[in-house]
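To start, the structure itself, in structure tokens.
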Amino acid sequence: MKIRVIMMGLMLTSVVFAGEITGVVKWDGNAPKMKALKMDADPVCAAAYTGDAARAETLVLGEGNTMANIFVRISSGLADKTYPTPSESAVMDQKGCVYHPHVVGVMVDQTFLFKNSDDTLHNVNVKAKENRGFNLGMPTSLRESEQKFTREELMIEVKCNVHPWMKSFIGVSSHPFFDVTGEDGKFAIKGLDAGTYEVEVWHEKLGTSTQKVTITKDESKAVDFSFSMPSK
Amino acid sequence: MKVLLVLSVSLLLFGQTDEGTAVYDKYCSQCHGDQGAGDGPAADFVDPKPRDFTTGVFKFRSTQSGQLPQEEDLIRVVRDGIPGTSMPAFGHIGDAKVNAVVKHIQPFYQATIDRDKEEGFYPPQVAETGNPPKINDAKIAHGREVYLESGCGDCHGYQGRADGPSALTLVDDYDAAILPANLHRGWEFRSGHSLEDIFKAFTTGISGTPMASFADAISVDDRWDLAAYVASLSSAEEYPTSPQVTGALVDELPQTMDDEIWDTAQKAYFPLTGQMMWDPVNTHPMIRSVSVRAVHDGTKLVLLCEWDDPSYSFEGASAPEAASDDDDWGFEEEGSEEEGDFDDFFSDEEESSNVSVLPDQFAIQFPTGIPADNERPYFVMGDDKNAVNLWRWSHDGSLTAVEAAADGQTGHQNLWTEFVGPVSISNQIAKGRDKVSENSEALEIKGQLHYRNGQYRLMLTRDLQGGSDNDIQLEPGRFVPMLFWAWDGHRQDSDAKACISSWYFLNLEQPVDKKVYVKTAAAVALTLLFLWWATRTAKRRALEAPEQSNPQSEELAV
Ligand SMILES: [Cu+2]
């Protein structure tokens, strides 16, 4: 009981008073149009798109070329300690034969919930290297499956072999200081003590880049990133 | 010094023995590499690639998905080999050596063992199986429902012939194309073909492949029913090779492939292997057998040939491609004004994920004219001295699609592929690979074709006698050599890259008469002699080309 009170207190402090690093990730270049996914091999998938077709998610841009699906984390500068595992689950849903979200972060030992909202078979082929990889068949008789990742691993590729366009990524972090950008390209890493941190952004094709940021106690600092097409 | 110490300690700890090392170095390291990384000098020549033990990923397990195999699982693979791959059976070296070598490879995946130990998954946990039930028709029928409801047909096809809509796009975890098992060929199942083996395959999954674990999704009872259904589709042993196909004499010839006459006709099973005599050789024959039936009415011959081909390919068609994870960003090609930046990056890229295919083909090869008693032309399309007569079909795409499942089951229509129609059969003369010409003034060969869910059926009709000098002259009571060719257009088979059988015989029944017995006895003796020769040749060929995995030559040796 005492512990819980202390914990609550800590969390409150972190939300209200601790420092944060925020920013926007942008695409530096022209916005390509992504390929429409051809799903006619499975009528259940095809039927999910009566209007606009689903498109490849390699590059998902918002207005003003902001980039979604960027995994952002503190890659160094944190105190060497263990952080509590959140009790809520990280979730990845298979819906319309696309993963939602396309990129998701989870803490080591946090529950990870795979869902299948489609009336068709998906196989969740988790191609982990540090963690124990597995390949979970999820026909309609298995709507949810709880899993756990026990080691830090950045990033784990997840694929469906039945629907070869289905691909997603899981970032397993040993600490809670990570975020994934939405279409607005924004990220926010909260609850940081004063210090100098390395912020790392990751994109599935473009790899990572980092910036050093120093914040004082309770300071909020913005740092922006941009990606561009690599020259050949 | 420290390194040495650590090494010797780990050797002691993990049971590496002199015996295991000796066995490993002698039999395993050529493919699997000195340190078990799957990078031995012969690794490049085998397909599928040899296992890299250092990844700690093993395909065939009795344990849950994501866990290491039991020692028994590994012992079994070493002892019995893996059908359809280059992994031979090593049972002959004895249990002691097999056990020793399984212990020897452990240190190669020590990191995985350590991790699993730390997390409480080592020793690995065996997947729950319960007891295999007694199989009956109701269980098989229910297993069929489980099969369709669980999406097995997405890859393995509506009737299990590996022709599901996702079949051609599958890749393994190394992004190499991989095919689902044809469930009608139980003897080729890599993880074994007993009821327990089949149960295990979809319970544990097959690591590194698209085959997932269904332990959480399907109840144990349902999984046993599913296993019963899969087991019911084929025999565990390959069908025995027939020396000949006997064409019964009938009053009325069958008009269709579904004529009842075919039910009573002898169904001969002929294995096919990759053509290995000329370049380009076919190291991965996709079509591995043909079943043949024959009847005649004294004037005409009708042949019914059936073979499995998971991909329906014709001239000018395209098909989905294995979805390897290349540099594709998924940008749309059009929208030219915005392309600037991407041109360079994508200049070497294919536009779509479809590949163009070659036509599927099938041919029956005979000698020309009146076959000499104990002489057969060179088996690969004859030579200058002895020409062959080919009845050849090449898929021009002229068939009619049949909509909807014919067996009345609703749903799963997307798994259904059916085409039917008359086809033209060319009548060719070959005097060797490069000397193939149309046979002028030849007898007409009528062809009807039916493709359904991974299986071709071709019905051919021809007059027994007449035509040109080059037409094979058929006469009841005379044994006529015949041989089969098949090409899978989706695998870019054409010309020499083909699947081919040995010479077999066509024997048309004649009305009973004393002389027949003598002739038949002689022909049977000849056939046996030929089979013996074929076996010897196949064995020798297998020895000369160790990288070619050829399970059928073993079967022939029976
Ligand atoms: Cu899927």
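We did not get these values from a lab; they are worked out from the coordinates using the rules stated. These numbers were taken from a predicted model, which means no experiment stands behind them. A quick note on method: Cβ atoms are made from the backbone with ideal geometry, for glycine too, and the neighbour counts reach across all protein chains shown.
Values for this structure:
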read-out	value
The range A:83-176: mean projected area of Cα convex hull, nm²	5.3 nm²
Fewest-first sequence of A:Asp119, A:Asp42, A:Asp80 by Cβ atoms within 10 Å of each Cβ	A:Asp80, A:Asp119, A:Asp42
In nm, spacing of pseudo-spin labels at A:Asp119 and B:Ala248 (7 Å Cα→C-beta vector)	4.7 nm
Nitroxide proxy distance, nm - points 7 Å out along Cα→Cβ at A:Val91 and A:Lys129	3.1 nm
Cα pair count fraction exceeding 26 Å, expressed as % - the range B:2-118	15 percent
Alpha carbon centroid spacing (whole Å) that separates the range B:122-190 from the range B:232-246	22 Å
Test item: A:46-58 mean partner chain Cβ contacts at 10 Å	1
Disulfide-incompatible cysteines by the Cβ rule (no partner under 4.7 Å) in chain A	A:Cys160
Inter-chain Cβ neighbour average for residues B:459-469, partner chain, 10 Å	0
Per-pair calculated FRET efficiency, R0 = 25 Å: B:Asp95 and B:Lys117 via Cβ, rounded to 0.05	0.40
Bins of 20 Å from zero: percent of alpha-carbon pairs in the protein assembly as shown	14, 40, 32, 11, 3, 0
Which listed pairs, of A:Lys115/A:Lys148; A:Lys35/A:Lys159; A:Lys148/A:Lys212, have C-alpha distances above 21 Å, in listed order	A:Lys148/A:Lys212
Scaled radius of gyration (Cα, divided by 2.2 N^0.38 Å) that the range B:137-232 gives	1.00
B:Ser494/B:Asp297 FRET efficiency (R0 35 Å; Cβ-Cβ; nearest 0.05)	0.45
Likely footprinting exposure, A:Met67, B:Met257, B:Met87, fewest C-beta neighbours within 10 Å first	B:Met257, B:Met87, A:Met67
Simple Cβ-charge dipole of the range B:13-149, Lys/Arg +1 and Asp/Glu -1, about Cα centre, in debye nearest 20	340 debye
Burial ordering of B:Thr17, B:Thr55, fewest other beta-carbon atoms within 10 Å first	B:Thr17, B:Thr55
Check: the range A:89-206 dipole with +1 on Lys, Arg Cβ and -1 on Asp, Glu Cβ, in debye	360 debye
In Hz, Karplus ³J(HN,Hα) per residue of the range B:182-190 (6.51, -1.76, 1.60; θ = phi - 60°; x = Gly, Pro)	7, 6, 8, 10, x, 5, 9, 4, 5
Nearby lysines by direct alpha-carbon distance to B:Lys134 (threshold 27 angstrom, same-chain neighbours under 8 apart not counted)	B:Lys200
Residue among A:Gly62, A:Gly182, A:Gly105 with the largest mean-square fluctuation in a Gaussian network model of chain A, springs linking Cα atoms under 10 Å	A:Gly62
Among B:Cys305, A:Met34, A:Gln94 - extreme Cα towards positive end, dipole of the protein assembly as shown, charges at beta-carbon	B:Cys305
Debye, to nearest 20: dipole size of the protein assembly as shown, +1 on Lys, Arg Cβ, -1 on Asp, Glu Cβ	2480 debye
Over chain A: helical MRE at 222 nm, DSSP H runs n ≥ 4 each giving -39500 (n - 2.57), nearest 500	-2500 deg cm²/dmol
Percent of beta bridges antiparallel (DSSP, the range A:83-176, rounded to nearest 5)	70 percent
Inter-chain shielding of B:51-60 (mean C-beta neighbours from other protein chains, 10 Å cut-off)	1
